[in-house]
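The values are calculated or read from the model by the stated rules, or taken from the named source; none is laboratory data. Quick caveat: nothing in here was measured; it's all calculated off a predicted structure. Note that each Cβ is placed from the backbone with ideal geometry, even for glycine, and that neighbours are counted across all protein chains shown.
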Amino acid sequence: MTRNLLYPVIALLAVVLLTACVPSFPGLPAAPATLSPDAIATAVAATVSAGAPAPSTPLEPAAASPTPSPAAPLRVAYLDTGSNLWIWTEGSLPQQLTFSGDVLFCRLSPDGSRIAFVRSSDFTNQNLYLIRADGSGEILLLSAADLAGMPRTDAGALTLNIHQMEWIPRSTRLAFSTRLVFDGPGLLLNRDLWVIDTETLTRTNLLPAGSGGMFTYAPDGAQIAVSTPTSVSLMNADGGNLRMNVLTYPFINTASEYAYHVLPTWRFDGAALRAVVPPVEPFALPTPNSTVWNLPVDGSPAGSIGTITNRPLNTAPFSPDLSWLAYLRPVGDSGTTSELHLVNLDGGGDRLAGTGSYDQLYWSPDSSRLAVSASDPGGLYLVDTSGGVSTLTPVGRVLDLRWVSPDRFVYITDEGGGWELRVFDSGAVNLVAYLAGPGSGSLPSFSIAGN
């Protein structure tokens with residue numbers, strides 16, 4: 001049966017908080033959205049009566065750009081199209097770790113020594129496993145019975161599945177949240193957060209069912225942003241120092257059976273946070289503006305810093321230092337052609353970098369450039385912040401891409417006619433593996449350490 005995806009929200013309040021006009025780049029900052037966790041009515045009255053826009057708080061400068069870690073052999077965990085788990089370490093051949101054809105997804109630990117992966121033979125009951133990168137020491141971390149026995153927000157659900165799962169940065173702990181499983185379509189989150197210590201196998205319920213949402217850890221692992229369909233809150237990694245509703249927004253119509261969650265981006269040092277909030281009706285014509293926000297990490301209200309006209313519900317990524325924002329502005333009615341824009345959020349304005357069938361944008365770790373993939377007929381491009389564009393290939397779809405260093409990234413492409421795992425390294429492209437495998441023909445995926 002299908003369940004209503006709406007969480008208990010205060011939609012009218014969120015609308016009031018976001019109705020102040022905000023400028024397009026490179027204009028002045030506008031009024032922040034505010035929502036007091038203890039006095040909602042007071043917050044609304046104060047916001048409405050204030051009248052004039054209040055400036056957003058500028059970001060504190062970062063201490064330094066992220067320093068690359070000492071060179072170590074690149075390691076990639078990946079799934080082939082037959083849903084089997086593999087590991088590849090630079091300088092060696094790929095090694096197959098599972099043969100059962102039932103792995104759904106995997107996550108390589110921050111130090112690259114272990115892989116967490118989820119199995120399911122019936123797409124209803126899941127089991128979470130851990131294995132060393134050399135293929136030894138496989139253990140069951142969480143069984144289907146464990147998941148079925150966890151608290152849930154709807155007793156009518158058949159069971160729970162893992163929804164999000166990520167290694168906590170700089171740790172041996174694994175964070176995950178769950179979703180409810182029913183007979184029928186729909187995506188309903190259980191809104192919880194669990195942490196498993198993979199050394200002690202201790203499992204901790206950090207946020208009970210119904211009190212969480214989607215989570216985003218800071219790069220240092222010290223803080224967490226928790227997103228619901230109408231708000232973003234912050235807390236320390238141990239669950240303390242809860243800063244409720246630093247950003248609120250109206251429920252966003254996805255025209256589908258899932259609720260949109262705004263996932264903010266942490267700066268590389270974990271000391272700043274920004275987010276893009278789509279319009280309430282993102283598929284309206286002409287395309288309404290999305291709003292860009294600063295989210296102070298001290299829990300004070302977010303401040304809007306401008307607007308962009310972004311392709312409906314497409315990710316508009318920030319650079320790791322939060323000084324740049326890339327987005328795709330729709331062109332015409334085709335739904336496939338977009339202008340690629342780069343916004344210098346330090347006051348440099350909005351720059352048009354190109355026009356094409358672009359679809360996904362990936363920033364390099366030093367914030368100097370981004371990889372841009374395209375749909376029909378495909379293609380992969382490098383765009384630097386000064387406006388230079390270079391073509392890596394004019395054809396081939398890119399399924400996923402992750403930067404390893406400022407000059408190196410791993411990606412999956414079908415440029416060669418079938419899915420392949422490749423490494424781009426300072427201008428050279430190296431084939432790691434062909435990803436075709438026996439079985440159902442699932443889409444391949446991969447995970448790298450620390451990403």
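Here are the numbers for the structure shown:
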quantity	calculated
Options V383, V395, V372; residue that is of a type in the set (A, V, I, L, M) and either surrounded by fewer than 14 Cβ atoms within 10 Å (Cβ to Cβ) or farther than 16 Å from S338 by Cα (or both)	V395
Considering residues of the range 169-223 that are among the polar types (S, T, N, Q) and part of a strand (DSSP E or B) only, the residue surrounded by the most Cβ atoms within 10 Å (Cβ to Cβ)	T178
Only listed residue being hydrophobic (A, V, I, L, M, F, W, C) and over 21 Å from F318 (Cβ atoms), chosen from F283, F268	F283
Cβ-Cβ under 7 Å pairs, at least 6 apart or on other chains, the range 107-127 side on the phi > 0 side of the Ramachandran plot, far side buried (at least 19 other Cβ atoms within 10 Å of the Cβ) and not β-branched (V, I, T)	G112/R75; G112/A133; G112/A449
Extreme residue, nearest to M214 (Cα to Cα), among residues of the range 239-251 that are out of contact with any strand residue (DSSP E or B) (no Cβ under 8 Å at 6 or more places or on another chain) and in contact (Cβ under 8 Å) with a residue 12 or more places away in the chain	F251
Qualifying residue in the range 370-377 (condition: without any contact (Cβ under 8 Å) to a residue 12 or more places away in the chain and of a type in the set (A, V, I, L, M))	no
Residues being touching a Lys or Arg at 6+ places or on another chain (Cβ under 9 Å) and aromatic (F, W, Y) - total across the range 420-451	2
Among (1) outside any strand (DSSP E or B); (2) of a type outside the set (S, T, N, Q); (3) exposed (fewer than 14 other Cβ atoms within 10 Å of the Cβ); (4) in contact with a strand residue (DSSP E or B) (Cβ under 9 Å, 6 or more places away or on another chain) - the single one A155 does not satisfy	(4)
Unique match (being within 30 Å of S143 (Cβ to Cβ) and either touching a helix residue (DSSP H, G or I) at 6+ places or on another chain (Cβ under 8 Å) or crowded, with 20+ Cβ neighbours inside 10 Å (or both)) among V292, V232, V226	V226
Scan of the range 120-140 for residues that are part of a loop (DSSP other than H, G, I, E, B), within 25 Å of P110 (Cα to Cα) and more than 26 Å from the chain's Cα centre (by Cα), ordered by number	D134, G135, S136, G137, E138
Set N245, N253, N241: member being within 11 Å of L313 (Cα to Cα), modelled with pLDDT of 95 or more and more than 15 Å from the chain's Cα centre (by Cα)	N253
Every residue from the range 334-356 that is closer than 17 Å to V372 by Cβ and among the hydrophobic types (A, V, I, L, M, F, W, C)	L340, L342, V343, L352, A353
Every residue from the range 84-111 that is surrounded by 20 or more Cβ atoms within 10 Å (Cβ to Cβ) and in contact with a Pro (Cβ under 9 Å, 6 or more places away or on another chain)	N84, W86, I87, W88
Which listed residue, of V232, V276, V195, is modelled with pLDDT of 95 or more, in contact with a Ser or Thr (Cβ under 6 Å, 6 or more places away or on another chain) and closer than 30 Å to P288 by Cα	V276
For N430: the one exception among (1) outside any loop (DSSP other than H, G, I, E, B); (2) surrounded by fewer than 15 Cβ atoms within 10 Å (Cβ to Cβ); (3) in contact (Cβ under 8 Å) with a residue 12 or more places away in the chain	(3)
